[in-house]
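Colleague: Handing you this structure, nothing more for now.
The values are calculated or read from the model by the stated rules, or taken from the named source; none is laboratory data. Only a predicted model underlies this, so the values are computations on that prediction, with no experimental measurement involved. Virtual Cβ from ideal backbone geometry, glycine too; neighbours counted across all protein chains shown. Just the protein is used for accessible areas: all its heavy atoms, side chains included, with ligands, DNA and RNA removed. Shrake-Rupley method; radii C 1.70, N 1.55, O 1.52, S 1.80 Å.
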Amino acid sequence: MWFSKLTLELLNSLSAKEFHTTFGNVVECHPEAAVACSKKLPFASVDAVIATFDDYLQQLNVETKTRVLRSFPDLAGKLLDSHQLTEESTYEHACAGLDKLMAEDRDKLTTLNRKYQDKFGFPFVICAREASRFEAILNGITTRIHNLPEQELETGIGEAKKICRLRILELVERD
């Protein structure tokens, strides 16, 4: 990414405050995750770090899961246009080509995002780096918009876990 990755040994030597700063946005705009997960230091492996964040997200109550999902930006939305995405989201949008959409595709995604948001109360969350193509993202939103709210909450949290895992792997060397 933009700097050398941490080794597991270096990660485990971080103070709680350094851990919070380093991992504060592995869950989009939800630094509480890093605070909670820092209590599990030291970690036996990078997979243990990922599992700790996964467990954190899974064990949240419905209201907090909803708040976590609301912290994600709309795909190819206003924050992208105004260059206000987090550094991580900017990178992920670019990986999926969302920063270079034609006007027609952007309008289509904006309309679907609005319908999705109106139905579920949070933005459509998908791991754009794994979807990697506009067509896959479009297929994801047009399919998932038919889910039940409880189902979509868990699907969205599952996508947040994928994003979190990739962000952790950007920060830490694999064992």
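Colleague: Quick one: in the range 87-122, which of the residues that are at pLDDT 95 or above and outside any helix (DSSP H, G or I) is farthest from Asp74 (Cα to Cα)?
Modeller: Step by step, filter the range 87-122, then rank; the result is Gly121.
Colleague: Let me ask something else. Quickly run through the range 131-149 and pick out the residues that are assigned to a helix (DSSP H, G or I) and free of Cβ contacts under 8 Å to residues at least 12 places away in the same chain. Outline the logic, then answer.
Modeller: Filtering the range 131-149 for residues assigned to a helix (DSSP H, G or I) gives 131, 134-144, 149.
Listed by number, the residues that qualify are Glu135, Ala136, Asn139, Thr143.
Colleague: With respect to the numbered conditions (1) closer than 21 Å to Cys29 by Cα; (2) open to solvent by less than 30 Å² (accessible area, probe 1.4 Å), which one is the sole condition not fulfilled by Ala131?
Modeller: With respect to (1) closer than 21 Å to Cys29 by Cα; (2) open to solvent by less than 30 Å² (accessible area, probe 1.4 Å), Ala131 is out only on (1).
Colleague: Is it true that Asp55 is touching a residue at least 24 places away in the same chain (Cβ under 8 Å), open to solvent by 60 Å² or more (accessible area, probe 1.4 Å) and not in a loop (DSSP other than H, G, I, E, B)?
Modeller: It is false that Asp55 is touching a residue at least 24 places away in the same chain (Cβ under 8 Å), open to solvent by 60 Å² or more (accessible area, probe 1.4 Å) and not in a loop (DSSP other than H, G, I, E, B).
Colleague: Hey, can you tell me all the residues within the range 99-116 that are within 19 Å of Arg144 (Cα to Cα) and out of contact with any Asp or Glu (no Cβ under 7 Å at 6 or more places or on another chain)? Working first, answer last.
Modeller: At the first step, the residues of the range 99-116 found to be within 19 Å of Arg144 (Cα to Cα) are 105-116.
Asp105, Arg106, Asp107, Lys108, Leu109, Thr110, Thr111, Leu112, Arg114, Lys115, Tyr116, listed by residue number.
Colleague: Would you pick out the residues in the range 34-52 that are surrounded by 18 or more Cβ atoms within 10 Å (Cβ to Cβ) and touching a residue at least 60 places away in the same chain (Cβ under 8 Å)?
Modeller: Val46, Val49, Ile50
Colleague: So Val125 passes all but one of these: (1) in a helix (DSSP H, G or I); (2) open to solvent by less than 20 Å² (accessible area, probe 1.4 Å); (3) among the aliphatic types (A, V, I, L, M). Which condition number does it fail?
Modeller: Here Val125 meets the rest and fails (1).
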